[in-house]
Structure formats: C-alpha cells, structure tokens
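Reviewing the structure listed below.
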Amino acid sequence: MDLIKPLKIGKLKIDFPAVQAPMAGITHSPFRMLVANYYNPGLFFSEMLSAKSVLFEDFNQSIYLKCIDTSIERPIAYQIFASDKESAFLAAQRLNKEDYIDVVDFNLSCPAPEIAKKRKAGAFLLSDLNLSLSILKSVKKALIKPFTVKVRIGMKEDKGFIRELVAVVEEAEVDAITVHPRLIKQKLKGKSKWEYIAFIKDIAKMPVIGNGDVKSKEDFFKMIEETGCDGVMIGRAAVQKPWIFGQIKGQIFDINAGFLVELYARMLELYTSFFPPEKVLGRIKEFTWYFSKNLKFGHHFASKVQASKSVEEIHSFYFETIKNCF
Ligand SMILES: Cc1cc2nc3c(=O)[nH]c(=O)nc-3n(C[C@H](O)[C@H](O)[C@H](O)COP(=O)(O)O)c2cc1C
C-alpha cells in the first residue's frame, strides 16, 4: 500500500506529506536552504514569530522573517503566537499580504515559560478554550491563505478535553491541525503519545499532521500506519539529518565523514553569509547540538564548538574533528 498520499491544507495540495517542524532559533532561512540542498519537505516552516515582530519588522531585513530564496523555500508556513485576538488578527492580516507565504499557523503548543507563563500565549491558551476560540476566529477572519494550528494534548490525559479542543479548532474553520501529543508539562520529555494522534484523526474532520519522535524513514511510515494521520511533521531529526526528507522519498545517501564535512561546511557558509556577526555564532551552536549526534563521541565536537569564540575558530578544527569523530 502506498502510504504517501497528498496532504490538503485548504486550497494547498502538498504531494509529499512530510512537514518540517517550526523550531525557534533553528528553522530560519539558512537552515531551510541547507535542507533544500538535499530534498525539500512537502512544507517548510518558519520559526515561531511574535505577532509584534510580524507587524513591526521588515520582511526584507529581519532574520526571522526573510527568505534567502522564495522560489526554493516553498511551500512555507509562517507560525505566529499571540495572547489576544487584536494582535493575532493584525499579524495574520500582515502575513496574508506576502505572496510567498503559503500557510499561516497559530501556536497553541509552546510550553516555554517565556511564552506560556510570561506572555500567556502558546500552550497557556489550552487552559482557556473560549479565549483560544476568539483568537483563532480572528486569525481566520484576517486570512485568505490556508490556516493551521499546532497543539499539544493539554494539562493531563483527558479525551473529553481533547474533544473540546478539536471542536474549537473546527469551529474556527482551521484547515489542518498538527498534533504534538505530549502534555504541556512534559516539554520534550517522555515519549510522544501517538495514540492521541490516532484519536484526533478519528474525531476530526480536517487533515491531521502527526508529530513527535519521528527519527527515521521507518518512523515516518510507522506513524502513518499506526495513527492514520495525513501528514508527518519532523523536528529534531531534520536538524540532525537535514537529508531525512530525501531518505523518506527513497533517495540513498552515503553518509560518510566526507558527506558530513561537506554538510557542515555548507551550513557555515549559509549561516555566515545570512546572520549579523553578533547572531551567527549562537545559531551555529544551536545547529551543532543536533548535528553532532551523527558522530561518535559527538559531544567532543559539540563542546569544542560551544567553547568557540568565533566562526574562524570553528573553521580551524571542524574538518579534522568531524573526520576523526566519524
Ligand atoms: C529547539 C526547539 C525549538 C522549538 N520551537 C518550536 C516553535 O517555535 N514552535 C513550535 O510549534 N514548536 C517548537 N518546537 C517543537 C517542535 O516543533 C516539535 O513539536 C517537537 O520538537 C517534537 O517533534 P520532534 O520529536 O520531531 O522533534 C521546538 C522544538 C525544539 C527542539
């Protein structure tokens, strides 16, 4: 049976239902270009964006908003978070104006204290479904583009709550829902509870994108088989292995030391030419945490990069260290 079926998000038809997850600090344009070097996912994602940044930053300048190549990083979803319907409406209206943005996604899942506690957005909204509904409805009102939301399953394992959540998302006429089936308090700990993806797929009328702990081509197909989901979102594994979407599509990559050195060199080039000097090192370090999992004793390489004071310093050792650690 062919498990790869097109994913429909409103009027957008995606032939390859593998979605690159939004990840703050990681899924900026140079990262997307690095992934595109190997094989595009069916849908790219931006980092999570505050409604304010969308309203007040320049789309041609902001490192969060701009794309290096809007013909390559496509189709793409931009994810926003907000805690009130007015700013959510204005941000969605602004995103709606950019031709190259294909989908607008609203975050109902982020548990980070900075977002959930301090800003009362992200996963906090799961504690007030009336507020969530009014925000989602106002985003919908602002949009002509397809509209998605990304959720966690809530405070505790409660199917009654999940039914209410799905009803809210459907009432707001959202075109697809991404389910990261961890509790809010789990953050990224424990296992992703795929049975809740299957549960939501059972009760929801809209397409369901499953997410959590997909680390390989085999996991991709297993999630579709076990849950019946319409799409699969991949986060951390796509940072460790930016070639993973090609593997899922059946391409064969010879993962040897030379391949990894070349990938890392390309990353350095893309990141260095995109980010201002005060930001570039931080972004390289974020990427390297995940990438170093491809190496034996990868933590040696990761620690060396973390301790580096400049990109030049990384240039002085990455080639030899990657070769020696493979
Ligand atoms: C460093 C990092 C940053 C993340 N930032 C976001 C974000 O901005 N928005 C969001 O919806 N999820 C965010 N997530 C969660 C991922 O999108 C995804 O739901 C989670 O990592 C589980 O998928 P995975 O097991 O494939 O990594 C982040 C995860 C990580 C590791």
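The values are calculated or read from the model by the stated rules, or taken from the named source; none is laboratory data. These figures come from a predicted structure and were not determined experimentally. Note: ideal-geometry Cβ built from the backbone for every residue, glycine included; neighbour counts use all protein chains shown.
Please work out if V232 is assigned by TED's automatic domain parsing to the domain that holds D69, farther than 30 Å from N60 by Cβ and in a loop (DSSP other than H, G, I, E, B).
no
Which residue is surrounded by the most Cβ atoms within 10 Å (Cβ to Cβ), if the candidates are limited to segment 46-64 and must be among the hydroxyl-bearing types (S, T, Y) and modelled with pLDDT of 95 or more?
My answer is S46.
Does at least one position in segment 220-235 carry a residue that is over 22 Å from L188 (Cβ atoms) and without any contact (Cβ under 8 Å) to a residue 60 or more places away in the chain?
Yes: segment 220-235 contains one or more residues that are over 22 Å from L188 (Cβ atoms) and without any contact (Cβ under 8 Å) to a residue 60 or more places away in the chain.
Cβ-Cβ distance below 6 Å, separation of 6 or more or different chains: which pairs start in segment 242-266 with a residue that is under 21 Å from P17 (Cβ atoms) and end on one that is among the charged types (D, E, K, R)?
Q247/K217; I248/K217
When you check V232 against the structure, is it crowded, with 20+ Cβ neighbours inside 10 Å, over 14 Å from F16 (Cα atoms), within 16 Å of the ligand (Cβ to nearest atom) and aliphatic (A, V, I, L, M), yes or no?
So V232 does not fit the description; no.
For segment 38-84, which positions are free of Cβ contacts under 8 Å to residues at least 24 places away in the same chain and within 16 Å of the ligand (Cβ to nearest atom)?
If the condition is that a residue be free of Cβ contacts under 8 Å to residues at least 24 places away in the same chain and within 16 Å of the ligand (Cβ to nearest atom), then S53, S62, L65 are the ones that fit.
Specify which of the listed residues (L55, L65, L49, L34) is more than 22 Å from V280 (Cβ to Cβ), of a type outside the set (F, W, Y) and in the same structural domain as T227 (by TED's automatic domain parsing).
Checking each option against the conditions leaves just L55.
Taking the conditions exactly as written (outside any loop (DSSP other than H, G, I, E, B), within 18 Å of M48 (Cβ to Cβ) and not aromatic (F, W, Y)), does L136 satisfy them or not?
In short, yes.
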